[in-house]
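Shown next, in structure tokens, is the structure this report addresses.
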Amino acid sequence: MSDFDSEIVAFDNVGLRYGTEGEVLRDVSFTLYPGSFYFLTGASGAGKTSLLKLLYLAQRPSRGAIRMFGADVITLPRARLPAFRRRLGVVFQDFRLVSHLSAFDNVALPLRVSGVPESDIAKPVADMLDWVGLSHRHEARPATLSGGEQQRVAIARAVIGRPDMLIADEPTGNVDPEMALKLLRLFEALNRLGTTVVVATHDVHLLKKVPDSLIMRLDKGQLSDPTGALRYPPRAAHRERPAS
Amino acid sequence: MTRTSALNRAVVRGLSPFGGDRAARLVPQARLAGPMPWVIAIMVALTVVAAAGGLALQNMVEAARAELSGGATVQVIEAFPAAREEQARAVETALAADPAVASYRRVPEAELDALLEPWLGVGSADATVPVPALIDVRLRGAADRAAIDRLQTRLLDVAPDARVDAQSGWLQPVFGAITSLQWLAIALVVLLALTSAAAVWLAARSALGSNRNTIEIVHLLGGTDGQIARIFQRSVGYDAALGGAVGLAIGIAGVVVLGRQFAALASGMVAGGGLTLPDWLTLAAIPVAGVAIAVITARLTVLAAVRRML
Ligand SMILES: Nc1ncnc2c1ncn2[C@@H]1O[C@H](COP(=O)(O)OP(=O)(O)O)[C@@H](O)[C@H]1O
Ligand SMILES: [Mg+2]
């Protein structure tokens, strides 16, 4: 019961198919606990992006149940979904930056969507751009940025609103190992502040870089649980909860 | 002072978080480069001209009706001036004695000449073309067929060449034609409104298509349907306001030029076809209605499209 209360996400027997093809995800069941750091691994085409799409509410599953922040998001009225999306920070695999907005305005976008007053936007956005090492490019349009720079703008946009859950799809795919490590440190820092982090990556070397992380492995659409963390509340979750 | 600046800010922000300039900047503005303002300008100009025509016809009919109800005309058609004058006098005497006649007035020759001048040329009246004597009669009751027939019979005794016509009678086919023209004007205004809505619908759909990526991003970041619709409403609203202003200017210019042309034609019949102040205000409201149609159309189009996303 108390485990149920503290979950942030619960998938129960979720299946996903696109069109009339076979299922891309099959019988996926897992629970995510607040304050934990998860890696989602698996070969290219295993279904990582598809699973994350379900997680960031861009896609409905073909079957199964998904609970998030204590609500059944499958049966939730459409009008209530934006409030859930605003609690998420997402780094899309293809970045999805708004092409005609500057790096600054792209990073500011989630704050503006949430109605943060303009006076409270300039400094946090400047700080965040500074942190990802792009303060000198704040006026640049995405097309004039390199792949790695675009990725860092996308990451800055995902974390600017201090989301309850950060969902990152291959966030280090376009940066050098040094920057990859720096970005992981950013995710960890955010995680220590209470944000649940889910990072999809096919790069197994990354997993070792975050000692407290939990690993989910997707293989041809099916989830395996190498650390057992998905069945039992992980240490990080215990750390956040008051003693019972 | 502070209040106006606060109001300005509210207007710029669109009275809601994420409204206003910030939201509008999400969609690159086509503005003058796009066809939208021009399509709307043309629609508004045509609507203004059609509506002005309808209103002018309305005024003309009303003025004519008011003037002509209960009115009749007696013509004495006799080529010889002396005989004509004699019969006209007899008619006047008979009219004075008739209890059904409220008043009558012999139309002076000078006035008749002036009335006919555009058609017959200067000085024609006292030359070869015989001009009938004309007496305007105002009846106590309506100038219906029975009243006209009674008067005609009565006058035939004293003036065999007198012909009585209800003034509205000879204008009846004209009234019919004008009423048809008014319906035509109304139909034109409705068609133009529908066409404008269709044009905005197409423009909004193409704007949606070319901004699909932006819309999806705002949607995924937790933007509501209303926020996304406002982005487009605002941009379409700007375009429509611009087009509406240009269209109003063109339309009014057209109306003024046409008005001058008709004023030059002004004989008794077209008088009263001018536009009143409320009419001008109605015309000025057309671009406002155009902006409203455009914004509502854009909103409905965008909402219909984003509702297809989860
Ligand atoms: N929108 C889509 N329509 C149809 N098939 C898709 C779509 N997205 C992904 N797939 C298919 O689903 C499978 C899993 O893809 P994806 O989730 O992107 O895997 P990963 O992110 O692990 O590389 C792949 O076979 C891919 O071709
Ligand atoms: Mg992927």
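The values are calculated or read from the model by the stated rules, or taken from the named source; none is laboratory data. This is a predicted model, so every value here is computed, not measured. Every residue, glycine among them, receives a Cβ derived from its backbone with ideal geometry; neighbour counts consider all protein chains shown. Keep in mind that these areas ignore ligands, DNA and RNA; they rest on the heavy atoms of the full protein, side chains included. Shrake-Rupley method; radii C 1.70, N 1.55, O 1.52, S 1.80 Å.
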Fill in the blank from the handout: Those helices (runs of 4 or more DSSP H) completely within region B:59-172 that have 2 or more residues that are touching a helix residue (DSSP H, G or I) at 6+ places or on another chain (Cβ under 8 Å) and at pLDDT 70 or above are B:81-97, B:145-158
Problem - Filter result for B:GLY209 (free of Cβ contacts under 8 Å to residues at least 24 places away in the same chain and more than 13 Å from chain A (Cβ to nearest Cβ)) - result: yes
Exercise for the section: Kindly establish whether B:PHE175 is in contact (Cβ under 8 Å) with a residue 12 or more places away in the chain, aromatic (Phe, Trp, Tyr) and surrounded by fewer than 20 Cβ atoms within 10 Å (Cβ to Cβ). Expected result: yes
Fill in the blank from the handout: Filtering strands (runs of 3 or more DSSP E) wholly in region A:33-114 for at least 2 residues that are open to solvent by 20 Å² or more (accessible area, probe 1.4 Å) and more than 13 Å from every other protein chain (Cβ to nearest Cβ) gives A:63-68
Completion exercise
Residue hits (region B:208-262; among the aliphatic types (A, V, I, L, M) and open to solvent by 30 Å² or more (accessible area, probe 1.4 Å)) are B:ALA241, B:LEU242, B:ALA245, B:VAL246, B:LEU248, B:ALA249, B:ILE250, B:ILE252, B:ALA253, B:VAL256, B:VAL257, B:LEU258
Fill in the blank from the handout: Going through (1) open to solvent by less than 10 Å² (accessible area, probe 1.4 Å); (2) modelled with pLDDT under 90; (3) within 14 Å of chain B (Cβ to nearest Cβ) one by one, A:VAL132 fails only at (3)
Problem - Count of residues meeting criterion [within 16 Å of ligand 1 (Cβ to nearest atom) and in contact with a Leu (Cβ under 7 Å, 6 or more places away or on another chain)] in region A:67-92 - result: 1
Problem - Unique residue being crowded, with 19+ Cβ neighbours inside 10 Å and in a helix (DSSP H, G or I) when the list is A:ARG185, A:ARG157 - result: A:ARG157
Fill in the blank from the handout: Of the listed residues (A:GLY161, A:GLY133), the one being over 20 Å from the mean Cα position of the chain (by Cα) and more than 16 Å from ligand 2 (Cβ to nearest atom) is A:GLY133
Practice task
Report whether or not A:GLU178 is away from ligand 2 (no atom under 16 Å from the Cβ) and more than 14 Å from chain B (Cβ to nearest Cβ).
Solution key: yes
Problem - Conditions (1) at pLDDT 85 or above; (2) in contact with a helix residue (DSSP H, G or I) (Cβ under 6 Å, 6 or more places away or on another chain): number failed by B:ALA253 - result: (2)
Practice task
Identify the residue in region A:19-32 that is touching a residue at least 24 places away in the same chain (Cβ under 8 Å) and open to solvent by 10 Å² or more (accessible area, probe 1.4 Å) and, among all such residues, is nearest to ligand 2 (Cβ to nearest atom).
Solution key: A:VAL24
